[in-house]
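This report concerns only the one structure given below.
None of the figures in this text is laboratory data; all of them are computed from the coordinates on show. What you see is a predicted model, and the numbers here were worked out from it, not measured in a lab. Glycine gets a Cβ as well: all are built from the backbone with ideal geometry, and neighbour counts include every protein chain shown.
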Amino acid sequence: MFFKLQPIVYSLIFVIALEILVMKDTFVVWIVIFLISFSFIIIWPIARKLRFLAIPLFLSLGSVSLLYLIDHKLEKQVFIILSFLVYYLAVLGVYRLKMYYYDTTAQGMVNLATLATAFFWFSSNIGWFLNFQIQNWILVLTFLGSTFLISLPSLSIAAIRKTENEKGERRNEKNGLVIHQGTVLFLGLMLSIIMSQWAWGITFWPFGYLTTGVSTLIIFYVFWDTIRSYLKQEFSVNRILANTFLSLLLLAGILMTTEWNLIV
């Protein structure tokens, strides 16, 4: 089922916090403190796994940061609606995974929420970097740590598989899980290093934070999807080539149609 009362209530509380920020932007610090506390005290018990806390947490912080950067009221309300939908998918996904860890629909929700969280968080980081003259190394370190935490839930899901015992009953492959989790941590770290290097490169780009954020999401998706396919034992050269070609095509289209703000 796509409608659960508990995730809906929690998502509405999240929306109320964003609406308060719209009405009183001086409350931004208190809103951030509230959402962080809300994530640890309320959301964490839903999933019972610390790694699943990263998506609602970074989604909350990224939404607040982006909302703070948006000027027009109508755009703020549209963004809040989108944030509500993503937050609900994230909470509902981890809620359903707690009930049944092999729920493919819930896994899809977490994957979708991962991409949305990455976009919100990366774009907000770039926006703060451009608007408030944050130093380059801070942006790089932020990308390094946040990429690892944001991608960890979806990569962990991709590494889990089921096998059949001699009686034909389904069981969790516990021994394999230990090995795969070590692989997950290593590949998650590699993804984080790649994105941190990308963060250093985009500090020289003459574009706004939304254009750069979309470009960053495209790069993130290519490597993230490649790692997931490897963990799911669905690794394919054709898939990598298709993703790379599509990403280059999208990047070229974005960079050719956006405004360049060259500094001379």
Only four residue types carry charge here, +1 at the Cβ of Lys and Arg and -1 at the Cβ of Asp and Glu. Report the dipole size of the chain about the Cα centre in Debye, rounded to the nearest 20.
800
Would you mind working out the magnitude of the charge dipole of segment 1-99 relative to its Cα centre, with +1 at each Lys and Arg C-beta and -1 at each Asp and Glu C-beta, to the nearest 20 Debye?
520
Among Ile254, Ile46, Ile31, residue whose mean-square fluctuation peaks in a GNM of the chain (springs only between Cα atoms under 10 Å)
Ile254
If packing is taken as the mean number of other Cβ atoms within 10 Å per residue, what is the order of 205-216, 83-94, 121-132, highest first?
83-94, 121-132, 205-216
Show me the ranking of peptides 47-55, 4-12 by mean Cβ neighbours inside 10 Å, starting with the highest.
47-55, 4-12
Could you list Asp71, Asp25, Asp103 so that the one with the fewest beta carbons within 10 Å of its beta carbon is first and the one with the most is last?
Asp71, Asp25, Asp103
Long-range lysine pairs (8 or more apart or interchain), segment 1-99, Cα under 17 Å
4
For segment 1-42 versus segment 105-166, the gap between their alpha-carbon centres in whole angstrom
20
Hull surface divided by four, with the convex hull built on the Cα atoms of segment 23-74: how many nm²?
4.0
Taking the Cα atoms of the chain alone, what are Rg (to one decimal) and Dmax (as a whole number) in Å?
19.1, 72
Would you mind ranking Glu259, Glu19, Glu75 so that the residue whose beta carbon has the fewest other beta carbons within 10 Å leads the list?
Glu259, Glu75, Glu19
What are the membrane-span-like helices in the chain by this rule: whole DSSP H runs, Cα extent along the axis at least 18 Å, mean Kyte-Doolittle hydropathy at least -1.0?
5-23, 54-69, 73-99, 104-132, 136-159, 174-202, 209-231, 237-257
On the Cα set of segment 1-99, report Rg and Dmax in Å, please.
13.1, 41
Listed residues Leu139, Leu217, Leu250; largest mean-square fluctuation, Gaussian network over the chain with Cα springs below 10 Å, found at Leu250
